[in-house]
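Reviewing the structure listed below.
The values are calculated or read from the model by the stated rules, or taken from the named source; none is laboratory data. Keep in mind that what you see is a predicted model, and the values were worked out from it rather than measured. Neighbour counts are summed over all protein chains in view; Cβ atoms, including those assigned to glycine, are modelled from backbone coordinates with ideal geometry.
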Amino acid sequence: MTDRQTQILIAIIEQYAEIAAPVGSVTLAKLFGVSSATVRSEMVRLEQMGLIMQPHTSAGRIPTDKGYRYYVNQITENAYTPTLPALDRNARAIEARVSSYQGQADRAIRSAVDSLVELTHNLGIATIDGQLYMSGIGNLFSQPEFMHGGDAPQAVARLLDNLEPWLREAAPAEPLNVYIGEENPIGKSSGASLIVSKFRSPYSDRSYIGVLGPTRQSYARTIRLVRQVAKTLEEVL
């Protein structure tokens, strides 16, 4: 991929996360200071690579799971660092809130999950003593992707039903694990992304905390917050 193609893909992903609507060439042409024809040509190449798709005729483009994977890899490998206003302030607020439950593992973990729910507007999850704690399910199903019927809500429900035993059996080994759309081991048609971090707790050396949300989300912000929460929990516990 050329640098311009990478930048256009990033712009499509980040704008789509904000507006929940396909991103058109006119918008991108203004952003990059080039002609709409130039942007359309680059979009065709990105589409041929399987990184974006056109959901409707004459519509703009949206990212595919493969496009999101490329974007997440850019972030996790530190090839791309987006500007994230107010993130440090939010991370400090989480740290202060969770730290107030020093010596109370259960309440600290629940507080961490609730903080993630508030800041990411996703569903928050954590494994506590072999059980799955969830908060914010209303957030998840109020997202545009899950409000219009179809198979996605049922696939999300199936994923949630099987998440705790899968985490226990699979025990993802990476400090941070991101499963995008079809990468999810359960509920592959859910249109959801699971972002979980491993942390040590009094319950287990392999406890997990994270969020489940639509594939359309601010990965950079969510990844940083999940990492921060896991780090804070290990320090507090």
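Within region 205-223, the set of residues being outside any loop (DSSP other than H, G, I, E, B) and within 10 Å of the chain's Cα centre (by Cα) comprises Gly210, Val211, Leu212, Gly213, Pro214, Tyr219, Ala220, Arg221, Thr222, Ile223.
Scanning region 153-172 for residues that are crowded, with 23+ Cβ neighbours inside 10 Å and in contact with a helix residue (DSSP H, G or I) (Cβ under 7 Å, 6 or more places away or on another chain) turns up at least one hit. Of all residues in region 205-231, those satisfying the criterion of being of a type in the set (S, T, N, Q) and touching a Ser or Thr at 6+ places or on another chain (Cβ under 7 Å) are Ser207, Thr215, Gln217, Thr222. Residues that are exposed (fewer than 14 other Cβ atoms within 10 Å of the Cβ) and either part of a loop (DSSP other than H, G, I, E, B) or touching a strand residue (DSSP E or B) at 6+ places or on another chain (Cβ under 6 Å) (or both) were ranked within region 69-83; the one that is modelled with the lowest pLDDT is Thr83.
Considering Ile52, Ile62, Ile128, the condition of being crowded, with 16+ Cβ neighbours inside 10 Å and at pLDDT below 90 is satisfied by Ile128 alone.
Rundown of residues vs (1) assigned by TED's automatic domain parsing to the domain that holds Pro144; (2) in a helix (DSSP H, G or I); (3) small (Gly, Ala, Ser); (4) touching a Lys or Arg at 6+ places or on another chain (Cβ under 6 Å), yes/no style:
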site	(1), (2), (3), (4)
Ala11	no, yes, yes, no
Ala17	no, yes, yes, yes
Val26	no, yes, no, no
Met43	no, yes, no, yes
Pro55	no, no, no, no
Lys66	no, yes, no, no
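Taken over region 209-237, residues that are among the acidic types (Asp, Glu) and farther than 14 Å from Lys198 by Cβ amount to 1.
Criterion applied to Ala21, Ala37 was being part of a loop (DSSP other than H, G, I, E, B) and farther than 29 Å from Gln131 by Cα, and the one residue passing it is Ala21. The set of residues from region 84-119 being loosely packed, with under 14 Cβ neighbours inside 10 Å and in a helix (DSSP H, G or I) comprises Asp88, Arg89, Arg92, Ala96, Arg107. Using the structure shown, decide if Gly136 is more than 25 Å from Gln74 (Cβ to Cβ), at pLDDT 90 or above and in contact with a Gly (Cβ under 7 Å, 6 or more places away or on another chain). In short, yes. Does Arg227 satisfy being modelled with pLDDT under 90 and farther than 20 Å from Leu140 by Cα? No: the conditions fail for Arg227. Tell me whether region 35-49 contains one or more residues that are within 21 Å of Gln143 (Cα to Cα) and among the aliphatic types (A, V, I, L, M). Checking region 35-49: not a single residue is within 21 Å of Gln143 (Cα to Cα) and among the aliphatic types (A, V, I, L, M).
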